[in-house]
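Beneath this line is the structure, given in C-alpha cells, with notes to follow.
The values are calculated or read from the model by the stated rules, or taken from the named source; none is laboratory data. This one's a predicted model, so the numbers in the text were calculated from it and none came from an experiment. Every residue, glycine as well, gets a Cβ built from its backbone with ideal geometry; the counts of neighbours run over all protein chains shown. Accessible surface areas use protein heavy atoms only, side chains included; no ligands, DNA or RNA. Shrake-Rupley method; radii C 1.70, N 1.55, O 1.52, S 1.80 Å.
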Amino acid sequence: MTSTVLVLNCGSSSIKYQLIDPSGPTVLAKGIAERIGEPDGRVRHEIGDDVDERDAELADHAAALDDIVTAFDATGGLAERDLAAVGHRIVHGGDRFSEPVLVDDDVEEVIEELAPLAPLHNPPGLTALRLARRALPDLPHVAVFDTAFHQSLPPSAYTYALDRELASTHRVRRYGFHGTSVSYVSREAARLLELNPDDANLIVLHLGNGASATAVRGGRSVDTSMGLTPLEGLVMGTRGGDVDPGVLTYLHREAGLSVDELDEMLNRRSGMLGLAGANDMREVHRRARAGDESARLAREVYCHRIRRYVGAYLAVLGHAHAIVFTAGVGENDSWVRSHALAGMRRLGVEVDHVRNSFVSSRAHVISPDGADVRVMVVPTNEELEIARQAAELVG
Ligand code: ADP
C-alpha cells in the first residue's frame, strides 16, 4: 500500500507543499505559491526533474491551490499518484488536539473555534484545509498541530499564575508551538544517541525566525518557552520573547500605544529587528563585525536568553542527555551555538570549537568526547514529520 502524502503548509499569503513518501523518505515533488492576493504572485513547482517557476495571478488561496493541483497534470495528475493522505499543518490545536486527527466537518468547526487563539495562523490553515477537502474529496485529510506535542506539559508548567476563573473562561494557559519540529528533532537526536526515544531527556532549541526552547523528558514535552501565543520566551527575528507584562500597561499609559499598536510592536517590530534593525541573523553578524554596537548588543541579548532557558531546563529535567540546536540559526550559526553555551562546563555542557565549525546538512555532535551533556545539531524537517504522522494515522 502507498504511503505517499501531500503535505500542505498554508500561510496568510503563501501555500507551500511537498509530496513525500515517508517510507524512503523521498521527496517526490515540492513547491510554493506565494504573494497570494497581490498583483505579483509567483509559483515554483519542482515535480520530479521538472522545475517550473513563473509569475502567476493568484487572486486568492483557491487560485493558488488550483495552480498546485494542475501543476501535477503533466505527470498524470495528483489522482494518479495513489496518495495515502493529505497532511495539513495547523498551528493551534488548543487543548482539544494532542494527536494528529482525521478531518471531518466537526474537526473543521473546532479549528475554527480556536481561531481567536491564533488569529494570524489558524485561518489560512483552515482555508487550505477546506479548499483541499473540496479539491481532493476522495482522500483522507489529516490535521497535524504545532501545539499537539506540548499537550504533555504538566499543569505546573502550563498554568499561568493568574485569576483562575478568568484564565479558564478564556482558555489562557501555555500551549507551546514548534511541536512538530521538536517531535521530529527529538526522535532523530535519540537515534543518533542510540537511545530509545522514550528514554531521551533533551533540551531542544528551535532557532529560526520564530524561536523556542523545549524540555523533553522521556520523549515528551515537559516545559516550553512559547506560551498562549508564539510571543513568549526566546528572542526572535521580529518578536522579543519575554518582557515584563508591566511594560505593556506602562507603554499603554505613558506612550499612548493602543492594543493594536502593542500587538504590532510585539509581533513585527521587536526582537533582533527592534534591537539591531535587521531580523536576519546573518545581517546582524555582518553589522556587528563592522562595529555596530546595537548589533553587538542584540547578539548578546539573544544568546543570554538562550543560556537562561538552558539553565532553567537543566534544572527542570535534573539531567539532560543532550542539548539540540535546530532550524535556520540553530543549524547554521556556530557563533550563536558557542556563545549561548559558553561558561557552562561545570554543568557538563561544552562545545568543541572544531566540531562546531564543521558544516554539514546531517545531524552531528559538537560537544567533546565524554561530555556529560552532549550538544548536537539536528536539521529539522517539519514536512517529513507531518507526512509520517499522517501516513501513520491512516495506515
Ligand atoms: P522559519 O522559522 O521561518 O522556518 P528558518 O528556520 O528557515 O525559518 O530560519 C530562518 C532564519 O535563519 C533566517 O531569518 C536567518 O536569521 C537564519 N539563518 C539562515 N541561515 C543562516 C546562516 N547561515 N547563519 C545564520 N543564520 C542563518
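Could you tell me the calculated FRET efficiency between Ser168 and Glu80, based on Cβ-Cβ distance and R0 = 35 angstrom, to the nearest 0.05? Let's see the in-between values first.
On the way: r = 50 Å, r/R0 = 1.43.
So the FRET efficiency works out to roughly 0.10.
On a 0 to 90 degree scale, rounded to 10, what angle separates helix 245-254 from the longest Cα axis of the chain?
Taking the Cα atoms of the chain, the angle to 245-254 is about 90 degrees.
With the dipole of region 270-395 worked out from charges on the C-beta (+1 for Lys and Arg, -1 for Asp and Glu) around the Cα centre, which of Val351, Ala327, Ser294 lies farthest toward the positive end?
Positive-end residue among those listed: Ser294.
Work out which GluC sites (Glu not before Pro) in the chain are exposed loop sites (DSSP not H, G, I, E or B, at most 12 other Cβ within 10 Å) and give the longest gap free of them.
Formally, the longest exposed-site-free interval is 195-395.
Mind putting a number on the dipole of region 12-144 about its Cα centre? Charges go on the C-beta only, +1 for Lys and Arg and -1 for Asp and Glu, and I need it in Debye to the nearest 20.
That gives region 12-144 a dipole magnitude of about 280 debye.
In whole percent, what relative contact order does region 309-395 give with Cα contacts below 8 Å and a gap of six or more residues? All intermediate terms of the calculation are to be shown ahead of the outcome.
Details: 100 pairs, mean separation 25.6, N = 87.
It comes to 29 percent, rounded to a whole number.
On the accessible surface of the chain, probed at 1.4 Å, how many percent belong to carbon and sulfur atoms?
With neighbouring chains kept in place, the figure for the chain is 48 percent.
Which distance in nm do the two modelled labels at Val243 and Ala315 give, with both placed 7 Å along the Cα-to-Cβ direction?
Between Val243 and Ala315, the label points sit 2.5 nm apart.
If we count trypsin sites (Lys or Arg not before Pro) as exposed when they sit in a DSSP loop and have at most 15 other beta carbons within 10 Å, what is the longest stretch of the chain that avoids them all?
No qualifying site falls inside 1-170, the longest such stretch.
What shape does region 8-149 take by its C-alpha gyration tensor, where a ≥ b ≥ c are the square roots of the eigenvalues and a/c under 1.5 counts as rounded, a/b above b/c as prolate, and the rest as oblate?
Taking the square roots of the gyration eigenvalues as a ≥ b ≥ c, region 8-149 is oblate.
Tell me the relative contact order for region 246-381 as a rounded percent, counting alpha carbon contacts under 8 Å between residues six or more apart.
17 percent
Provide the percentage of antiparallel DSSP beta bridges, counting only those with both residues in the chain; round to the nearest 5.
70 percent
For a quick check, take a GNM of the chain with Cα springs below 10 Å and name the residue from Val310, Val359, Val91 with the largest mean-square fluctuation.
Per the Cα network of the chain with a 10 Å cutoff, Val359 tops the list.
If I take every Cα pair under 8 Å that is 6 or more residues apart in the chain, average their sequence separation and divide by the length, what percent do I get for the relative contact order?
15 percent
For region 337-395, with every protein chain kept in place, what is the accessible area per residue (1.4 Å probe, Å²)?
Solvent-accessible surface per residue comes out at 53 Å².
Taking a probe of 1.4 Å, how large is the accessible area per residue of region 140-260, in Å²?
Each residue of region 140-260 exposes 44 Å² on average to a 1.4 Å probe.
Using the Cα gyration tensor of region 277-395, with a ≥ b ≥ c the square roots of its eigenvalues, what is the shape: rounded (a/c below 1.5), prolate (a/b larger than b/c) or oblate (neither)?
Working: a/c = 1.84, a/b = 1.27, b/c = 1.45.
Oblate, since a/c reaches 1.5 and b/c is not below a/b.
Among Pro245, Pro25, Pro197, which one moves the most in a GNM of the chain with springs linking Cα atoms closer than 10 Å?
Pro245
Report, in debye and to the nearest 20, how large the dipole of region 1-67 comes out about its Cα centre when Lys and Arg carry +1 and Asp and Glu carry -1 on their Cβ. Write out the running numbers ahead of the final one.
Working: 6 positive and 14 negative charges, 63 e Å.
That gives a dipole near 300 debye.
Classify region 43-94: rounded, prolate or oblate, from the alpha-carbon gyration tensor (a ≥ b ≥ c, eigenvalue square roots; a/c under 1.5 rounded; otherwise prolate if a/b is larger than b/c)?
Since a/c reaches 1.5 but b/c is at least a/b, the shape of region 43-94 is classed as oblate.
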